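J.: Structure provided below as structure tokens; questions to follow.
The values are calculated or read from the model by the stated rules, or taken from the named source; none is laboratory data. This is a predicted model, so every value here is computed, not measured. Backbone-built Cβ (ideal geometry, glycine too); neighbour counts: all protein chains shown. Just the protein is used for accessible areas: all its heavy atoms, side chains included, with ligands, DNA and RNA removed. Shrake-Rupley method; radii C 1.70, N 1.55, O 1.52, S 1.80 Å.
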Amino acid sequence: MVSHQRPAVALVIAGSEATGGAGIQVDLKTFHQLGVYGMGALTCIVSFDPKDNWNHRFVPIDPQVIHDQIEVCEAAHDVDTVKIGMLGTIPTIETVAEGLKVQQWKNIVLDPVLICKGQEAGQAHDTDEALKSHILPLSTVVTPNVFEASALSGIDIRSEADLAAAAKKIGELGPTYVVAKGGVELPGDEAVDVLWDGEKITRYAAPKIGEERVGGAGCTLAAAITAELAKGTDIHEAVRIAKELVTRGIEGRMRTNHVYDTVWQQASLSV
Ligand code: PXL
């Protein structure tokens, strides 16, 4: 007997990070972890180079192929929730912006990947500007880390108060909600993220687990928020669940042979 299940559905438009520590691999694992059926349209392929200090090797996907993937995902399922991860080039950004405008969305979660861990800060400038003008105004939720929040707000973030001020400023650029992630970057014993909902700041804190960054934490947080919104959870509860999931994933992290440990999206974890 066949039973047609109707799980919540979400799309992710993002890059591949081949080792599974970031990008679309993390997004789809996180969707699955939270019981959401995931679709994924690939924008680029990142392979770190183990012979060259794990530096990024970056290959963009042809814009026509990106268009086709978004088209078929929008046609195959009734989907109203999308996460956008690494885009990487201006033609990709333009293609994704066009692809999104084809239908209505309830939730567009933008993880504004301006830089990957280990990349040079200057490289991202042009994509940064294109993302700001083409994608940010379409998004309902944006999830910058400290570096990205500084770049998007123009505020030099050194404290939790700066992080909150940056979140409010980014809210003026178009998104309904801003989740600014302090992570281990800010001083203090806690990893603090803040949500600006246009009226108030809500603070989400967990004790820091070491002072080192862990790969995949940002992708996991944004993907978990996306999955919860796809299920109809309200934004404050979605961020709370996502933060809890990331904290557990960092506690249960995997060691790697490269620079960072990586979050493990344990299937049996319930939050
Ligand atoms: O963590 C940001 C990120 C997102 N997406 C892809 C990446 C990275 C960082 O390496 O490679 C594909």
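J.: With point charges of +1 on the Cβ of Lys and Arg and -1 on the Cβ of Asp and Glu, referenced to the Cα centre of the stretch 218-259, which listed residue (I235, T247, A223) lies farthest in the positive direction of the dipole?
T.: T247
J.: Next up: Can you list the residues, at least 5 places off or on another chain, whose amide H is less than 5 Å from the amide H of A18, using H built in the peptide plane?
T.: Here V46, F48 satisfy the definition.
J.: A further question follows. I'd like the carbon and sulfur percentage of the solvent accessible area for the chain, probe radius 1.4 Å, heavy atoms only, ligands and nucleic acids excluded.
T.: Answer for the chain: carbon and sulfur cover 52 percent of the accessible area.
J.: As a test of the definition: which semi-axes, in Å, follow for the stretch 73-113 when you take the square root of five times each eigenvalue of its alpha carbon gyration tensor? Largest first, please.
T.: Semi-axes from the Cα gyration tensor: 18, 12, 8 Å.
J.: Taking N as the number of residues in the stretch 125-166, what is its Cα Rg relative to 2.2 N^0.38 Å?
T.: In units of the globular-protein estimate, the stretch 125-166 measures up at 1.18.
J.: Under the Kirkwood approximation for Rh and a Cα-based Rg, what ratio Rg/Rh is obtained for the stretch 142-186?
T.: 0.91
J.: In sequence order, what are the phi-derived ³J(HN,Hα) couplings for the stretch 163-178 according to the Karplus relation 6.51 cos²θ - 1.76 cosθ + 1.60 with θ = phi - 60°, rounded to whole Hz, with x for glycine and proline?
T.: 4, 5, 5, 5, 4, 4, 5, 5, x, 6, 7, x, x, 6, 10, 10
J.: Can you give the calculated 222 nm mean residue ellipticity of the chain, where each DSSP H run of n ≥ 4 adds -39,500 (n - 2.57) and the sum is split over every residue, rounded to the nearest 500 deg cm²/dmol?
T.: -10500 deg cm²/dmol
J.: What ranking of C44, C219 comes out by heavy-atom accessible area, probe 1.4 Å, highest first?
T.: Order by accessible area, largest first: C219, C44.
J.: Give the cross-link partners of K83 among the lysines, using a straight C-alpha distance below 29 Å as the criterion and excluding same-chain residues fewer than 8 apart.
T.: K29, K101, K106, K117, K132, K168, K169, K181, K200, K208, K231, K243
J.: Taking the full set of protein chains and a 1.4 angstrom probe, give the accessible area of H258 in square angstrom, rounded to the nearest 10.
T.: Looks like 50 Å² after rounding.
J.: Follow-up question, since we're still on this one. Evaluate 2.2 N^0.38 Å with N set to the residue count of the chain, then give the Cα radius of gyration divided by it.
T.: After normalising by residue count via 2.2 N^0.38 Å, the value is 0.93.
J.: Could I ask something else about it? What does the extension gain come out to for D234 and S3, with contour length at 0.36 nm per residue minus their alpha carbon separation?
T.: So the chain would gain 80.3 nm between D234 and S3.
J.: Restricted to Cα positions, what overall size does the stretch 194-271 have along the principal axes? Three whole-Å values, descending.
T.: Sorted largest first, the three principal extents are 43, 26, 17 Å.
J.: Two decimals is fine: what's Rg over Rh for the stretch 1-153, C-alpha atoms, Kirkwood radius as Rh?
T.: Ratio of gyration radius to Kirkwood radius for the stretch 1-153: 0.97.
J.: I would also like to ask the following. If you average 1/r over every pair of different alpha-carbon atoms in the stretch 123-239 and take one over that average, what Kirkwood value in Å do you get?
T.: 14.5
J.: May I pose another question? When the Cα centres of the stretch 15-40 and the stretch 192-271 are compared, how far apart do they sit, in Å?
T.: If we compute the Cα centre of each part, the gap is 14 Å.
J.: Would you mind getting the accessible area per residue of the chain, heavy atoms of the protein chains only, 1.4 Å probe, in Å²?
T.: Per residue, the chain has 47 Å² of solvent-accessible surface.
J.: Please tell me the relative contact order of the chain in percent, rounded to the nearest whole number, where contacts are Cα pairs under 8 Å and at least six residues apart.
T.: Relative contact order of the chain: 17 percent.
J.: For the stretch 64-186, compute Rh as the Kirkwood radius over C-alpha pairs and then the Stokes-Einstein diffusion coefficient at 25 °C and 0.890 mPa s; write the answer in µm²/s, rounded to an integer.
T.: 164
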